[in-house]
1. Starting at 0 and stepping by 20 Å, how many percent of the alpha carbon pairs of the chain end up in each bin?
2. Counting heavy atoms of the protein chains only and a 1.4 Å probe, report the per residue accessible area for the chain as a whole number of Å².
3. Give the aspartates and glutamates reachable from K350 as a straight Cα distance under 14 Å; neighbours fewer than 8 places away on the same chain don't count.
4. On the full set of protein chains, 1.4 Å probe, figure out the accessible area of D213 and give it in Å² to the nearest 10.
5. Only helices at least 27 Å long along their axis, Cα-based, and averaging 0.0 or more on Kyte-Doolittle count here, so list those DSSP H runs from the chain.
6. With r as the distance between the Cβ atoms of D321 and L115 and R0 = 45 Å, compute the FRET efficiency 1/(1 + (r/R0)^6) and round to 0.05.
7. Can you put T225, T126 in order of accessible area, largest first, using a 1.4 Å probe?
8. Would you mind checking K72/K150; K72/K121; K121/K150; K155/K228; K121/K228 for any pair whose Cα atoms are more than 22 angstrom apart?
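The values are calculated or read from the model by the stated rules, or taken from the named source; none is laboratory data. Fair warning: this is a prediction, and the values are worked out from it, not measured in the lab. As a convention, Cβ positions derive from the backbone with ideal geometry for all residues, glycine included, and neighbour counts pool all protein chains shown. Accessible surface areas use protein heavy atoms only, side chains included; no ligands, DNA or RNA. Shrake-Rupley method; radii C 1.70, N 1.55, O 1.52, S 1.80 Å.
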Amino acid sequence: MLEKGNRANTLHGILLIALFSFAAFYIAEIPVVRRLSFSPLIVGIVLGMLYANSLRNRLPETWVPGIRFCTKQVLRWGIVLYGFRLTLAQVAAVGVPAVVVDLIVVTVTILGGVLLGRLLKIDRDTALMTSTGSAICGAAAVLGAEPVVKCEGYKTAIAVSTVVIFGTLSMFLYPVMYRTGMLNGMTDTEVAVYTGSTLHEVAHVAGAGNAMDPTDALGIAGTATITKMIRVMLLAPVLVIMGFVLAGRRKESGGETGKRRIAVPWFAFGFIGVIGLNSLLQSLCGVETVREIPLNGTIEYVDTFMLTMAMTALGTETSLDKFRQAGARPFVLAGLLYVWLVAGGYFVTKYVVGML
């Protein structure tokens, strides 16, 4: 993609996306946007979509490889670097109940989403991407699944849009439920696990947790975030399993000839490896949080920028015509999954945490 003859034009496309991403970071810091917990990733895809539906036709076609480079290579490295936000100790700190709840929520959401997608007659890729985003970590999970599913860019953008809409709704709904007494049947730990295991984005969990427990005196905000991070860690094994399953289906449908190849995402293993490395670095540095590890803050900033570039690039290839083509069904699917997360997640959390 960065061949010598086309390198300059490709770099032009990458630079365009980088400029949009810088703008996304700036906009995300505006007080109103920050209160809504819209991360640069979300702002980036919105900017990209605005561009796609206004000036996109004026973009030289020779720049397109640079945009695609951002949606592929930049994306994969962004997922790998995401592991620097996590450590294995975080999993142990929360304990078995949070792990079990996360496993149940992720499994039922993905499998149920695929089944509902068939009933709603949604194409398999859109249903799988939407379900993965709802099940694990919102936009980041959709981005991670894109190279494995190998779907069109607009389907990825549709999936991201669904998790943004319903995740943002949850961020406001959960604190209201907590303060009005709707969650009085839960202990503080159960509320935290419930929040971390059912909200879509990490930013949504942080926003809701801080709204319910601003000083973390009750342990809700911290425990909810760790529970969410466990879900993020499940992204790697989910992508590996997804790669095996999809490779088998492509083989059966005649989509592959000759020797069967399993689409195992190397970046998924890199993601897990980085988590292990981060755990080792935390131990060697003798610090309490990953943010205190030297250069960790810088790496997190670079990683967020790379993911923002990937989101923005996806947005630039998403026009309203493609949304109209997809119809309302993907949003119906995401809505049904949302109901499951809010209602089903409540009872799963009560049952599992109560037993363990």
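1. 30, 60, 10, 0
2. 45 Å²
3. Here the aspartates and glutamates satisfying the reach criterion relative to K350 are D102, D188, E190.
4. Counting only protein heavy atoms, D213 exposes about 10 Å² to solvent.
5. Helices meeting the criterion: 7-28, 96-119, 153-179, 266-285, 296-316.
6. E(calc), rounded to 0.05, equals 0.95.
7. T225, T126
8. Check vs 22 Å cut-off fails for K72/K121; K155/K228; K121/K228.
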